[in-house]
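The values are calculated or read from the model by the stated rules, or taken from the named source; none is laboratory data. Nothing here was measured: the structure is a model prediction, and the numbers come from that model. Cβ: placed from backbone, ideal geometry, glycine included. Neighbour counts: every protein chain shown. Keep in mind that these areas ignore ligands, DNA and RNA; they rest on the heavy atoms of the full protein, side chains included. Shrake-Rupley method; radii C 1.70, N 1.55, O 1.52, S 1.80 Å.
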Amino acid sequence: MSILTGPMRFHLDGHKELTAHKEVLFMPEPDDLYIPLVNGRAACTPLVKEGDQVKAGQKIGEPTDAFWYVPIFSPVSGTVVGIEKRMTAALKPGEHLHIRNDHKGTTVQPFAPMDYEKASREELLEFVKQAGMAGLGGAGFPTFNKYTKPEGIDLLIVNAVECEPYLTADYANSMANAKLMRTGVLALLKLSNAPKGLVAVKEDKKDLIALLHEQFDGTKIEVAEVPDIYPAGWERTLIFMLTGKRYDRLPAEAGCILNNVSTAIALGNALENGMPITKKYLTVSGDGVKDPKNVVVSVGTPASAVIAQCGGYEGEDCLLIAGGPMMGRTIPNDQFVIGIANNGLTVLQHREPFSVKCLRCGKCTETCPSGLVPVRINMAEQIKDIDSLKKLSIMDCIECGLCTYICPSKLDVTEGIRRAKRYMALVK
Amino acid sequence: MKLTFKPSPNYRNKQSTLLIMRDLTMCLVAVLLYSIIFYSAKYGASYGLRVVIHTVIAVGCALACDAVFFKIMKKDIKTGILSSFSWVTALILVLISRIDTAYYAMAVATIIAVFFGKLVFGGFGQNIFNPAALGAAIIMTNFSASYVADFTTGATPTTSASSVGWMIPRADFAEFIAQYGGLGNMFFGQYASTMGSTCALLILVCGAFLIWRRDIDWQLPVFYIGTIFVEALLIGLMHGAGIEYALFFLLAGGILFGGVFMVTDPVTTPVTIPGRVLWAIGAASLTVIIRAKANLSDGVLFAILLMNMLTPAIDKLFDGNQIKDAVKFRNYVLIGGAASVAVTLLTGIAVVPKEPAAAAPAASASAAPAAPAEPSFGEALPMNYNFNANKTECVLDGQEGDIVRYACSAKGFGLVTNAEGTYSRNEAMVTVDKSTGKATSVNIITFGDTAGIGDQATSEKALAQFEGKGLDDEVNLVTGATFTTRSIASMVQKAIQMAANGEEGTRTAPEANFGDALPMSYNFNANKPECVLDGREGDVIRYACSAKGFGLVTNAEGTYSKNEAMVVVDKSTGKVTSVNIINFGDTAGIGDMATGEKALAQFEGKGVDDEVNLVTGATFTTRSIASMVQTALKAAAMEE
Ligand code: SF4
Ligand code: SF4
């Protein structure tokens, strides 16, 4: 019935050329690092205290929860200055472990490398857990959790789509670390028990596609090209495009497990080199930064230091966005630090669009990947029409931002839906 | 340097409402330009100018309304106008109005459209009704006297079709459609209608452009136009009409224009796709029902306005998740759509072709022949048939004993508008024997219907069948010329009735009014005047002349009627002595004002350097006559 639904997606101008083919900058380690004690989403207790010496790779935080289990490792060697409250990317104050870099680079291997082909699935799973693997696409979900009970899974999908505009970090990471990617993807396939896997990539990234074929032809992994549309990289849209299936809650209902390609590369790095996630490929791009490029930075580096490495800000009034402009948050303060789940900083010059009243064009409805009717949600929210809001299944909104993007009247449609969600949470 | 907070996303598509409105404006202006060119070329520059003036009035009033409103609301006027888009409403309003709409009516309609249609609801985006449709509906229903008679273009296909109940059986179709030069002609816009509903091709191109630009979505126009086509086709089949009828149904009137420019108005249509599809099917069905059943010439506006009222309910019906509720929503569309199509078809069964097509279609297997041959006779037509629809009039013209001669006229079936209404008139001399109450002869004086089709009913054989017939007798309809046959029969009937009662009737002869000056040295090449020497006495020379007139009647030479006149010129003075019309080919009731005694008298004593005056409402005929006079004057000057 595609006549009765819209495309539920849209081609965005990705501006990826700004950074995709520029040389990646390996950023010099800063003097001071602030490691968030909430790693991804896992709250951790510090394993070190003020005055302790730490080595790069040393485990310094132990998660408090067995489900949200992502331990913290130190990116550098140096001294623990203490635990400090700083503003996080979530715009809330949070505890950070302040480490002063001694620039000596003394390293320990927190765990031994592993040959995933020889290891049993259970050993591999435990390895993934202990190595602190987490979803690096933005969610920070602990990776091992997805694979604990892989029943009825018939497809592993490795997401190299990177559909957010401006971001090219996954791309640059994949291009640079093909071997590690191969190891990581094949290890994930083993974990998933699936008969085959797909690496999904946008059809316009020809060089990456060639590289993927080189790595995976002859294995159980196939390369799946997807169109250059947003949000092709979102789980539901991606699974629908690849398998034609929709699901209610978890991808497993459609027989799929999904992981980000950066996660696979990090796993490859852990398996081959015995190294945890302490560095991130990060895209710094947008018209609000002088010299857009991809950088490799240590977790715990303040955003201000990263921006300074990219020539500083351009323009007088900027929006600093952690992530891409669609789903990333604007943060009116560049003191927050890069965490494991960050993959970009987008800096845009701030211009207020000329907005007019909603013309009820329905474009938001046609493009919403969740099948919502954003315009109706906004209207119902304005008059606090609870009955309608209930019918409009607002909780299915993934805040992908397409409805605001597409709105020709330049309204903040997505924000209206967030307001509706908050309102409904209150009245419940 | 400052960092600002803005909730995500912070990325915007280039397309804006302003750009959408710009595209829309471009398309509307294209249609408008076509209209200006078409009217100027076909009816003269004053018609084209009229379209321009209408536009200026409407857009001016719309902007003024906005300005006043935002002034009162204490908002910035420029921003207000740029976010109110009332000029689009104004342009649409012009394009859905007839060219003979009075200027003041256009102004009132615009103000109603913009103010009551839009601003009182809180401005752009809040209105319930399509503002242009509202404005137009108000002029149509409340200002019916607001049409000016000077700008006559002929009955539009919609008024003609509506007067026959939107049902034209196959046998009559060729005759009917020939008035508009065929479907192809209608497709390319060579016919008069509302100012914007002329060129179907251009409108469709605009629609494709707007869809390609994502300014409008495709579901609304496609389902609207598609549903109408299917319904018209099915109803047509029920009544023995073919696909060409369905095409005519689409091409006539505002369906395509409305489909592209009005049902796609996002503000007043539902916001979900299934909602839009259902809305479009509903609007289409209403359009068909209104055309077939209601006493309105075109259903598009009222269908849109009625559906506008349902928009909030449809929106509510489709509240939900378009993915999870897809099956439910599809069923709503299928059930709702099927129901409205079914109702339309049921109404369609009941459609009876109205007068003047009250009789069943001529039962001839072949469609109406294109070339007039021997007339073939179809169904019987009783002479006591009720011919009211033909508005027949007769005047006593002479009497010899029991034989009375009446000059009669009756509505025909052609397109040409005249002072009395929207039909061409046929005129005939009917002689009746009072003693027997039977007709003795019928002669056609003026044939106003479609040449090549209707004129089969004027052939000798066809006319002969009236001889010796009284009110209790029957004649036969001429196949393919049933309208004309009825028109003639109505005159015979009237003459017999009047003869029996000894009535005389009164003639309402059109009086000529004079307008602009026309120099006799004017370049009349377009009229292709020709004169041949017809006689000479000394310096006085008589020429038999002919020139193209303006009627729609096709003849052997081309697509124009011809007028013929005898022009007598005094060679010694180089002036005209007299002009007599031999054959009047233009539109009776209009052009013939230029052939009245008073009108012809003005040529007397005129030379090539003099001027005459155009007869108001019969300017083409005046020029046609003047062209013959000029040619005769020139020819006389060359004579020995
Ligand atoms: S933000 Fe929510 S409502 Fe808007 S398009 Fe994305 S999923 Fe749909
Ligand atoms: S896209 Fe914007 S203008 Fe269009 S219906 Fe949605 S909210 Fe209204």
Answer yes or no as to whether B:I323 is surrounded by fewer than 22 Cβ atoms within 10 Å (Cβ to Cβ), among the hydrophobic types (A, V, I, L, M, F, W, C), more than 16 Å from ligand 2 (Cβ to nearest atom) and within 12 Å of another protein chain (Cβ to nearest Cβ).
yes
Filter pass, B:T311 being more than 14 Å from chain A (Cβ to nearest Cβ) and in a helix (DSSP H, G or I):
no
How about segment A:412-426: which of its residues are open to solvent by 10 Å² or more (accessible area, probe 1.4 Å) and away from ligand 2 (no atom under 12 Å from the Cβ)?
A:R418, A:R419, A:K421, A:R422, A:Y423, A:M424, A:A425, A:L426
If I filter segment A:331-350 for residues that are of a type in the set (S, T, N, Q), within 30 Å of A:K280 (Cβ to Cβ), part of a loop (DSSP other than H, G, I, E, B) and within 7 Å of chain B (Cβ to nearest Cβ), do I get at least one hit?
yes
Residues that are part of a loop (DSSP other than H, G, I, E, B), open to solvent by 70 Å² or more (accessible area, probe 1.4 Å) and among the aliphatic types (A, V, I, L, M): does segment A:46-59 have at least one?
yes
Is it fair to say B:V341 is within 14 Å of chain A (Cβ to nearest Cβ) and modelled with pLDDT of 90 or more?
no
With modelled with pLDDT under 80 and over 26 Å from B:S490 (Cβ atoms) as the only criterion, which of B:A350, B:A389 stands out?
B:A350
Restricting to segment A:382-409, name every residue that is without any contact (Cβ under 8 Å) to a residue 40 or more places away in the chain, surrounded by fewer than 24 Cβ atoms within 10 Å (Cβ to Cβ) and within 8 Å of chain B (Cβ to nearest Cβ).
A:S388, A:K391, A:S393, A:D396
Among the residues of segment B:250-281 satisfying the criterion of being open to solvent by 10 Å² or more (accessible area, probe 1.4 Å) and under 27 Å from the mean Cα position of the chain (by Cα), which is farthest from the other protein chains (Cβ to nearest Cβ)?
B:L251
For B:R214, which of the numbered conditions (1) outside any helix (DSSP H, G or I); (2) out of contact with any helix residue (DSSP H, G or I) (no Cβ under 7 Å at 6 or more places or on another chain); (3) closer than 20 Å to B:I304 by Cα fails to hold?
(3)
Given the condition closer than 23 Å to A:E126 by Cβ, in a loop (DSSP other than H, G, I, E, B), among the β-branched types (V, I, T) and open to solvent by less than 20 Å² (accessible area, probe 1.4 Å), answer yes or no: does some residue in segment A:12-28 qualify?
no
If a residue must be of a type in the set (V, I, T), within 27 Å of the chain's Cα centre (by Cα) and near ligand 2 (Cβ under 9 Å from one of its atoms), how many such residues does segment A:374-411 contain?
2
Residue identified as within 28 Å of A:A232 (Cβ to Cβ), free of Cβ contacts under 8 Å to residues at least 40 places away in the same chain and under 17 Å from the mean Cα position of the chain (by Cα) among A:I338, A:I321:
A:I321
Among what's in segment A:390-428 and is more than 10 Å from ligand 1 (Cβ to nearest atom) and in contact with an Asp or Glu (Cβ under 7 Å, 6 or more places away or on another chain), pick the residue that is nearest to B:A326 (Cα to Cα).
A:K391
Could you tell me whether B:I36 is surrounded by 16 or more Cβ atoms within 10 Å (Cβ to Cβ), within 16 Å of ligand 2 (Cβ to nearest atom) and in a helix (DSSP H, G or I)?
no
One residue from A:A139, A:A134 being open to solvent by less than 10 Å² (accessible area, probe 1.4 Å) and either within 21 Å of A:T64 (Cβ to Cβ) or in contact with a Cys (Cβ under 7 Å, 6 or more places away or on another chain) (or both):
A:A134
Quick one: how many residues across segment A:340-370 are within 14 Å of ligand 2 (Cβ to nearest atom) and buried (at least 20 other Cβ atoms within 10 Å of the Cβ)?
12
Quick check on segment A:355-381: of everything there that is facing chain B (nearest Cβ under 7 Å) and of a type in the set (A, V, I, L, M), which residue is nearest to ligand 1 (Cβ to nearest atom)?
A:L372
Please work out which residue is nearest to the other protein chains (Cβ to nearest Cβ), limiting yourself to segment A:300-322 and to residues that are open to solvent by 10 Å² or more (accessible area, probe 1.4 Å) and assigned to a loop (DSSP other than H, G, I, E, B).
A:E316
Assess whether B:V114 counts as being surrounded by 15 or more Cβ atoms within 10 Å (Cβ to Cβ) and under 22 Å from the mean Cα position of the chain (by Cα).
no
Are any residues in segment A:259-273 in a strand (DSSP E or B) and open to solvent by 10 Å² or more (accessible area, probe 1.4 Å), and if so, which ones?
A:N260
Which listed residue is over 20 Å from B:L201 (Cβ atoms) and in the same structural domain as B:L202 (by TED's automatic domain parsing), from B:I96, B:I37, B:I92, B:I81
B:I81
Does A:F67 satisfy the condition of being crowded, with 20+ Cβ neighbours inside 10 Å and aromatic (F, W, Y)?
no
Are there any pairs with C-beta distances below 6 angstrom linking a residue in segment B:111-138 that is assigned by TED's automatic domain parsing to the domain that holds B:V59 and within 16 Å of ligand 1 (Cβ to nearest atom) to a residue that is of a type in the set (V, I, T) and modelled with pLDDT under 85, with the two at least 6 apart or on different chains, and if so which?
none
